[in-house]
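Data first, discussion second: the structure below is written as structure tokens.
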Amino acid sequence: MTAVTIPGLDHAPTTHARLLSWVREVAELTCPDEVVWADGSQDEWNRLTAKLVDAGTFVPLKKKPNSFWAASDPTDVARVEERTFICSVDPRDAGPTNNWMDPAEMKATMTELYRGCMRGRTMYVIPFCMGPLDAEKPMLGVEITDSEYVVVSMHIMTRMGTKALARFGDDADFVQALHSIGAPLEPGQDDVPWPCNETKYITQFPEERMIWSFGSGYGGNALLGKKCYSLRIASVMARDEGWLAEHMLILKLTSPEKKAYYIAAAFPSACGKTNLAMLEPTIPGWKVETLGDDIAWMRFGEDGRLYAVNPENGFFGVAPGTDYHTNPNAMRTIEKGNSLFTNVALTDDGDVWWEGMGEPPAHLTSWKKQDWTPGGEELSSHPNSRYCTPIAQCDIKAPEWEDPKGVPISAIFFGGRRATTIPLITESRDWQHGVFMGATLSSETTAAAVGKTGVVRRDPMAMLPFIGYHAGDYFQHWIDTGKSADADKLPKIFYVNWFRRGEDKRFLWPGFGENSRVLKWAVERIEGKAAAVETPIGHVPTAAELDLEGLDAPREDVEAALGFDADEWRAEIPMIEEWFAKIGEKVPTSLRDELEALKLRLG
Ligand code: GDP
Ligand code: PGA
Ligand code: MN
Ligand code: MN
């Protein structure tokens, strides 16, 4: 049999045999017109963004340098959890919270989908590294994709191209990540601005550390270094190797006494991570700097403390609600340009606009590419519309954000979006109780995933869609992580809720920059300086214990936001029991004990 000749296939900038043979195998299956190895250069960015402008995918912005507006297919706007699979060899390893299919069957199905799927398109090979390039053991991957939108997004979100490939040598391990939008072009067929396929699969093969994605061009489904690698596959690596891969922001908080604390916080998608990561404190003398807004990899250091690294290189933030009042640091970051905006509105003078930016202009082009004027029913921007921008140009990035050693974490926050029940902040009694808080975390669903929004569900550690194995084993891994360390070196665990509401549905707590008051209380607890009330659910401050100086919010609202209500909590218990029943026999005994103890305390 003679080898197929595809332009570019034989011009690989590497001698890594396993990589070369995989690239050839994929090219022969998917039949692209051409193979291009992404180098990550400015020239490549210019070439591909120009191609995307020609294709009608991108509109260059006049008001922001080197920035582009994109509108996706209206059916391809968010992660597709229903179409996300953990194809472990044994279904018990995927557990009750993941979709599972036999790996051989999934490969057979997807191989047929991939056959010829890149016809008429270019196949890009993107070597990338999650986390700093100078890590002792760099976390490498290669994404093969037929989407230019993915290549340019990966320029921002990862360290990629020539500088990443330099770390591959001839035989380094890497995660294989295959992506196709699933939209081959017949000769002469016109392309559409956002090609994708109605059939979608986002598949992880955890044992092989491999990802196959088909049919979607949207961020979390298509930028495979992010959720697929850094959470689903990495969580399996972390279980096997004794570390944690988590859906967490990382921030540095410096007190007026110039003491620095690093805090990691896990909130479900569209529940406030990016905003908290870049917060501008409203209390004098306190400073926040950011290290990451979505993912944290945490390993124990030689000193026995837990160190966190952000594997990403960019922010992929929810646009609506972002403005100079809520998140000035995000605004200043995107103002510098070099950014992509997907599914927001376009202004007539070539800028972006979205809900939450104040008064809308008289006319916009909506994310659906329709004329839009204020006062109508439709939103100008999709609720899950996103900006994609480099961390490097964020003014408040912490200087150590790229340190491969990571930063020592003093506190972990778990939080969700709950209109009732969950106080503004609760401190756990100890690590095990904190793990219980995380394991039973609940939140209202948001537009970040396809499906109904506003439905309360359990979202353990904000990882429900991202745990690459059995959730019960994941809880045990968290318990074991605590047992493997000195209790006094472990981060303190807190449970927060910025989203509690009054009877008229208003938020009881103003949130955003005012969340610095809550961070301050947490730090004072770490320092042993602040008081709290011991309640059946943990240590909760009274309004008097929070620094509320200058806060523009009614005292009753703050008290209500902080309130512990035994009746609401008694109503919560059956939901936690139902959740544990769903996880089944793998719920760690220690967490069952925590539940029993909580029930006793609630009476
Ligand atoms: P992420 O997806 O977890 O990173 O969440 P974001 O920080 O992007 O926020 C998601 C949505 O929640 C945005 O519309 C924000 O404006 C909103 N949000 C973030 N923080 C707060 C807060 O403290 N209070 C309120 N009420 N809304 C917030
Ligand atoms: P988010 O990231 O957590 O910032 O929403 C995207 C996602 O989780 O889908
Ligand atoms: Mn996320
Ligand atoms: Mn975010």
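The values are calculated or read from the model by the stated rules, or taken from the named source; none is laboratory data. Treat the numbers as computed from the prediction; the structure is a model and nothing was measured. So basically every Cβ, Gly included, is an ideal-geometry build from the backbone, and we count neighbours across all protein chains shown.
Before moving on, here are some points about what is shown:
- Residues of region 34-62 that are assigned to a loop (DSSP other than H, G, I, E, B) and either surrounded by 15 or more Cβ atoms within 10 Å (Cβ to Cβ) or free of Cβ contacts under 8 Å to residues at least 60 places away in the same chain (or both): Ala38, Asp39, Gly40, Ala55, Thr57, Leu61.
- Cross-chain or 6+ apart pairs with Cβ under 6 Å, region 565-577 first and of a type outside the set (A, V, I, L, M), then assigned to a helix (DSSP H, G or I): Trp569/Leu602; Arg570/Leu602
- Close pairs from region 512-526: first part of a helix (DSSP H, G or I), partner basic (Lys, Arg), Cβ under 9 Å, at least 6 apart: Ala522/Lys492; Val523/Lys259; Val523/Lys529; Arg525/Lys492; Ile526/Lys492
- Condition met for Thr254 (within 16 Å of ligand 3 (Cβ to nearest atom), among the polar types (S, T, N, Q), farther than 30 Å from Val53 by Cα and out of contact with any Gly (no Cβ under 8 Å at 6 or more places or on another chain)): no
- Evaluating Val236 against the criteria (1) more than 16 Å from ligand 2 (Cβ to nearest atom); (2) within 27 Å of Glu549 (Cα to Cα); (3) part of a helix (DSSP H, G or I) leaves one unmet condition, (2).
- Residues that are more than 19 Å from Arg517 (Cβ to Cβ) and assigned to a strand (DSSP E or B) within region 265-311 comprise Ala266, Leu291, Gly292, Ala296, Trp297, Met298, Arg299, Phe300, Leu306, Tyr307, Ala308, Val309, listed in sequence order.
- Of the candidates Ile283, Ile263, Ile295, the single residue that is away from ligand 2 (no atom under 16 Å from the Cβ), buried (at least 24 other Cβ atoms within 10 Å of the Cβ) and within 26 Å of Gly321 (Cβ to Cβ) is Ile263.
- Checked against the criterion of being modelled with pLDDT of 95 or more and away from ligand 3 (no atom under 16 Å from the Cβ), region 313-321 has no qualifying residue.
- At least 3 residues being touching a residue at least 12 places away in the same chain (Cβ under 8 Å) and surrounded by fewer than 22 Cβ atoms within 10 Å (Cβ to Cβ) is the threshold, and among the helices (runs of 4 or more DSSP H) wholly inside region 74-182 those reaching it are 103-114.
- Test result for Val518, within 23 Å of Asn327 (Cα to Cα), among the β-branched types (Val, Ile, Thr) and crowded, with 17+ Cβ neighbours inside 10 Å: yes
- Helices (runs of 4 or more DSSP H) fully within region 535-603 counting 2 or more residues that are of a type in the set (S, T, N, Q): 589-602
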